[in-house]
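So the structure is just underneath, and the comments pick up after that.
The values are calculated or read from the model by the stated rules, or taken from the named source; none is laboratory data. Since the model is a prediction, treat every value here as computed from it, not as a measurement. Because the Cβ atoms are built from the backbone with ideal geometry, glycine has one as well, and the counts that use them run over all protein chains shown.
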Amino acid sequence: MSKKTVVIGLSGGVDSSVSAWLLKEQGYNVVGLFMKNWEDDDDSEYCSSRQDFIDASSVADLIGIDIEAVNFAKEYKERVFADFLREYSAGRTPNPDVLCNAEIKFRAFLDHAMAMGADFIATGHYARVRHTEHGVELLRGIDPGKDQSYFLHRLSQEQISRVIFPVGELYKTKVREIAEQLKLPNAKKKDSTGICFIGERPFREFLNRYLPTHPGPIKTPDGTIVGEHMGLSFYTLGQRKGIGIGGRQNSNGEPWFVAKKDLANNTLWICQGHDHPWLLSHELKAVHPSWVAGHAPDLSQPLTVKTRYRQPDDPCTLNYVSEKSFTLGFEKPQWAATPGQKCCSLQWRRFVWAADLSILSKP
């Protein structure tokens, strides 16, 4: 019986490198694929793609697999970055990593791998897939500190069914340990952060290359103008640093936060104190749902919802407004819930749906 072929996305990082080795140990025919998805900064200090490809190639050579490089920069700009700019222009705060996974890592990459004759694709994400008689389920990774399943909640049943996550059953410390035992050249390489494929860079400076400034007033809840913002696109709800109001006289010493963005009047509203009512929402509206589990949730069963990464799941009630929108009710108020961000729901530890946060109802 011939071996199953798995094409793994080799990024040059330690997680995908150990994933490739694990797959080979499990008896798969493994082929590495390095994706280049951003070209605007090839000569800048923020672009690490050259070194990443060198690292990925060195790992492939050490563990004895072939590797090829593919350029998805055009697809990334059209399917992910254009949406990213549209959302910021509209005053929302998108999460490009979620869309990047759905459109590039698990669509463009998946299509390319299938054309290569792959049976499955694999990545170094900390997540798990469970196959059942009713379909496939997306589950959290074992390591709670590294779990990346939130960023995968836009994947379809078809995409999930073709994916293997080799390190999803491991803790990061174990992955590092394996890499060091294998003497992988990137065993101590730091984890990548920043926007998907674009990397670490001063975000406001980066965004200003593509979106113009549009100054307007910064106001407090009593209507006092306390400064000037550079454009609503450059701020997000809950933001504390970089508002640009300096020290405020007669303040009670509590920090100021971005609370609202009034696009019609180009006004940025701020409030003082982490628990100010403007920052708390008991009811949210969600739009454009996708059913990760392949079907709508069973509303007779308890649901928990996560409205941002690194946030605990909170019990929630769901009420349909239409096929494309619903309201979410929380007993525990959600802090600085932000239009454009992604929310996702779990039922019995499996992802069941995901949606975009929209209009927020304040108490």
When restricted to LYS146, LYS172, the only residue closer than 22 Å to ASN95 by Cα, basic (Lys, Arg) and within 20 Å of the chain's Cα centre (by Cα) is LYS146
Checked region 294-320 for anything more than 30 Å from LYS219 (Cβ to Cβ), modelled with pLDDT under 90 and under 19 Å from the mean Cα position of the chain (by Cα); matches are PRO312
The correct count of residues that are part of a strand (DSSP E or B), small (Gly, Ala, Ser) and touching a residue at least 24 places away in the same chain (Cβ under 8 Å) in region 198-247 is 2
GLN159 vs (1) part of a loop (DSSP other than H, G, I, E, B); (2) of a type in the set (S, T, N, Q); (3) modelled with pLDDT of 95 or more: all pass except (1)
Flagged in region 86-133 as polar (S, T, N, Q) and without any contact (Cβ under 8 Å) to a residue 60 or more places away in the chain, in numbering order, are THR132
Quiz item: Taking the condition in contact with a helix residue (DSSP H, G or I) (Cβ under 7 Å, 6 or more places away or on another chain), assigned to a loop (DSSP other than H, G, I, E, B) and aliphatic (A, V, I, L, M), does ILE142 pass?
Solution: yes
Those residues of region 136-150 which are of a type in the set (Asp, Glu) and over 22 Å from ARG162 (Cα atoms) amount to ASP143
Among the residues in region 67-84, are any assigned by TED's automatic domain parsing to the domain that holds SER192, touching a Ser or Thr at 6+ places or on another chain (Cβ under 9 Å) and either at pLDDT below 95 or part of a helix (DSSP H, G or I) (or both)? no
When restricted to LEU299, LEU318, the only residue free of Cβ contacts under 8 Å to residues at least 24 places away in the same chain and farther than 26 Å from TYR88 by Cα is LEU299
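For residues that are touching a strand residue (DSSP E or B) at 6+ places or on another chain (Cβ under 7 Å) and exposed (fewer than 14 other Cβ atoms within 10 Å of the Cβ), tally how many sit in region 299-315.
To start, the set of residues in region 299-315 that are touching a strand residue (DSSP E or B) at 6+ places or on another chain (Cβ under 7 Å) comprises 299, 301-307, 313-315.
Keeping just the survivors that are exposed (fewer than 14 other Cβ atoms within 10 Å of the Cβ) gives 299, 301-302, 315.
Number of matching residues: 4.
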